[in-house]
Amino acid sequence: MSQQLIVLTTHEASYDDPIVLRAGETVVLSGRTDIWDGYTWIWATAKDGREGWIPDTLIEVHDGEVIAREDYSAVELTCFVGDVLTGLKSTNGWVWCLNDSGISGWVPSRNLKNK
């Protein structure tokens, strides 16, 4: 998915030090869940102690342990109305975007439209 997107609504990153997971890494779940725009998000803690919301599709259970299926970073991208971004992938109502300065992060898909 590589597409040009225009920001319709300003988005400011929510967390200064968001959770980052590596594929195969063990994750601790708090039991907290949230439904956001129809998608399920789970509050998790990484090995390094950072916490945050992760998409429910990111994890699987192996031998009683919760494991990250792929690399994941909860970094959000601050962007402003009219910015043009490149959307690289999407999950659970968010799009991983790259701006003209080479900075990337998640932006809610509801804040974007195809260019």
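Within region 66-94, track down each residue that is hydroxyl-bearing (S, T, Y), under 21 Å from W41 (Cα atoms) and over 12 Å from the mean Cα position of the chain (by Cα).
Of everything in region 66-94, just one residue is hydroxyl-bearing (S, T, Y), under 21 Å from W41 (Cα atoms) and over 12 Å from the mean Cα position of the chain (by Cα), namely T78.
Keeping to region 95-112, report how many residues are buried (at least 19 other Cβ atoms within 10 Å of the Cβ), within 11 Å of the chain's Cα centre (by Cα) and touching a residue at least 40 places away in the same chain (Cβ under 8 Å).
Qualifying residue count for the region: 4.
Which of the residues that make up region 7-41 are outside the structural domain of S90 (by TED's automatic domain parsing), surrounded by fewer than 15 Cβ atoms within 10 Å (Cβ to Cβ) and of a type in the set (V, I, T)?
Matches in region 7-41: T26, V28, T33, I35, T40.
Out of (1) farther than 30 Å from G49 by Cβ; (2) touching a residue at least 40 places away in the same chain (Cβ under 8 Å); (3) not aromatic (F, W, Y), what's the single condition that is false for V75?
It fails just one condition, (1).
Looking at this structure, is V95 outside the structural domain of I35 (by TED's automatic domain parsing), part of a strand (DSSP E or B) and closer than 14 Å to L5 by Cα?
Answer is yes for this residue.
Considering every residue within region 76-83, establish whether at least one is within 18 Å of I19 (Cα to Cα) and exposed (fewer than 15 other Cβ atoms within 10 Å of the Cβ).
Within region 76-83, the first condition is being within 18 Å of I19 (Cα to Cα), and the residues that meet it are 76-78.
Next, from what is left, pick out any that are exposed (fewer than 15 other Cβ atoms within 10 Å of the Cβ): 78.
Yes - at least one qualifying residue is present in region 76-83.
The values are calculated or read from the model by the stated rules, or taken from the named source; none is laboratory data. As the structure is a prediction and not an experimental result, all values here were calculated from the model. Backbone-built Cβ (ideal geometry, glycine too); neighbour counts: all protein chains shown.
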